[in-house]
1. Placing +1 on the Cβ of each Lys and Arg and -1 on the Cβ of each Asp and Glu in the chain, which of F60, V421, F26 has its Cα farthest towards the positive end of the resulting dipole?
2. With just the Cα atoms defining each centre, how far is segment 371-425 from segment 94-141? Give it in Å.
3. Give me the dipole magnitude in Debye, nearest 20, for the chain about the Cα centre, with unit charges on the beta carbon: positive for Lys and Arg, negative for Asp and Glu.
4. Would you be so kind as to identify which of A96, S74, G118 lies farthest towards the positive end of the dipole of segment 1-154, taking Lys and Arg as +1 and Asp and Glu as -1 on Cβ and the Cα centre as origin?
5. Under a crude label model (7 Å from the Cα following the beta-carbon direction), how far is R337 from A276 in nanometres?
6. Give the shape of segment 7-136 as rounded, prolate or oblate, defined through the alpha-carbon gyration tensor: a ≥ b ≥ c are the square roots of its eigenvalues, a/c under 1.5 means rounded, and otherwise the shape is prolate if a/b is larger than b/c and oblate if not.
7. At 1.4 Å probe size, what's the solvent-accessible area of V217? Round to the nearest 10 Å².
8. If ligands, DNA and RNA are left out, what is the accessible area of R207 with a 1.4 Å probe, given in Å² to the nearest 10?
Amino acid sequence: MRLESPTTLAPPPTLAPGSATLRAQFPLLQQVIHGAPLAYLDNAATTAMPLEVMDALQAFETRHRANIHRGVHSLSQYATDDYEAARATLHQFVGASAEHELVFTSGTTESLNLVAQGLWAGGPDQAWLRAGDEIIVSGLEHHANLLPWQQAARQSGAVLRILRPDAQGRLHVADLQALLSPRTRVLALTASANATGERPPFEELLRMAAQAGALTVLDAAQAAAYAMPALAHIDCDLLAFSGHKMHGPMGIGVLVGRRSALERLEPLRLGGDMVAQVRWDGADYAELPARLEGGTPNVAGAVGLAAAARFIEQVGRDAIAAHVHALRAQAVQGLARIPGVRVLAAHATQSALVSFVAEQGHPHDIGTLLDARGIAVRTGHHCAQPLMDHLGLGPSTRASFAAYNTSDEVERLVAAVAHAVEVLR
Ligand SMILES: Cc1ncc(COP(=O)(O)O)c(C=O)c1O
C-alpha cells in the first residue's frame, strides 16, 4: 500500500520550543543519566530525533523498502516516489528555486568533499581549479570545509588563502575584499561556526565573492536546525548540510545549489544509477541529480530527513531561533560570572551554542564532571584546530542548544560548571 509522501512542508506551528509537549516527542531526552534527568546540550554535534521522524523511517522500512529507479514492481515505484518526494520537500526547505538542484549525500563532509574534489577532478582541461588559481576558505571552518580544499589545492596547484578572523573570532568584509583577486575561483565559508558560535556576515561575504567571479560554497551544517538561509536569496552556488544536526537520521545529508555549479562537478561515485549509456570503453553520465548519486542511496535517510524538515517547520524556524538565542544569552551571562571562565565569541547573539574555557580545569575534566550530573556537552577542538590555535586557545567546552532545551537546563549547566571549576581549582 502506498504511503502518503507529502512534498510540501508542514502546516503552521503547533509545538512551542522548550515546552513539555515538544520534549515529549523526543524519547532520547526522557532518560536518567547518573541519577539525574538527561540535559542534552550537545546538539551542535548531533540532535535528538522526534517520534515523527522515527515513524517515517519505520513506515518506509516496513512497507516500502526496495531499491529505487530500476524496478518495475510496485514497491520499487513507491520507494522511488518516497525518495523524490523527500527531495522536493528539502528543495522547499532550503528555499531553492527552479534553477537549483538537490543531491543527497551522506552528510556535510561528503557534500564538501564532492565539491572540492569534483571541481578539480575533471582534469586540467575541464577543471574549475587550475594551477595558480586561488581558493579562499574562512578561518572559522570545521575541518570538513578546510581539508578538502587543502587537498584540492595540492592536487590542482591552486593556492589556498585563509580569510582570518580577528582576535575575537569575527570575520570582516574588508579582509575579504583585500584577499579577492582575478584568480579567486572559490570562497568556502560557514553560516555558523561550530567551535565558537560566531555567525559571520555570510550574505555579504558571499555576495562580494560572487561579484568577483568566484564560486561560492556555504557550510550550513550548524544553521540547518534553526536558521537555514533561503538559497534563492543569497549569492550561494552550493550549500551543504547534514540530517543528524537537524533532528534527522545519521548518514544522510544534502548538497544543493545552482544547476550550473553542480554540473561543473565531476562525479566521484561512479557506478549504477548515474549513467545514461555505458560502453566497454566509456560512459555518458546521467543528468542531475542522478549523475552525482551513484549507487544505492540512503532512501530511508532521505525520507527521515524530509520528515525532520517538516518537524522544524511545524515548530517554526523563527520560534526555534528566538528560543536557542535566548538560551545561549542566558548561558553566556551565567558562565561569564564564574571566576576564571572565559566565553568565546561572547559578542555573538545569533548563535545556538556557547563555547568556553576555564583558567582552572581542563575541558575533559569539566565535561566529565558535568556528565556525572546528567549534562551532556562536548569538549575538545571541535574539529576546528587551526581556529583554536589562531585564538591562542587549546580545547574548550561547548554547550549547544536545540528547540527542546529549557532555561532550567541552562541553569543546571551554569551551576554544574561553577561546581566543576571549584572542584578543579
Ligand atoms: C560546521 C560544520 N561543518 C561540517 C560538519 C561535518 O558534519 P558531518 O560530520 O555531519 O559530515 C560539522 C559537524 O560538526 C560542522 O559543525
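1. V421
2. Taking the Cα centre of segment 94-141 as reference, the centre of segment 371-425 is 33 Å away.
3. Working: 32 positive and 40 negative charges, 89 e Å.
Computed charge dipole of the chain: roughly 420 debye.
4. Projecting each Cα onto the dipole axis, the largest value belongs to S74.
5. It works out to 6.6 nm between the two label points.
6. oblate
7. 0 Å²
8. Using a 1.4 Å probe on the heavy atoms, I get roughly 80 Å².
The values are calculated or read from the model by the stated rules, or taken from the named source; none is laboratory data. Because the structure is a prediction, the values reported are computed rather than measured. As a convention, Cβ positions derive from the backbone with ideal geometry for all residues, glycine included, and neighbour counts pool all protein chains shown. All accessible areas refer to the heavy atoms of the entire protein, side chains included, with ligands and DNA or RNA removed. Shrake-Rupley method; radii C 1.70, N 1.55, O 1.52, S 1.80 Å.
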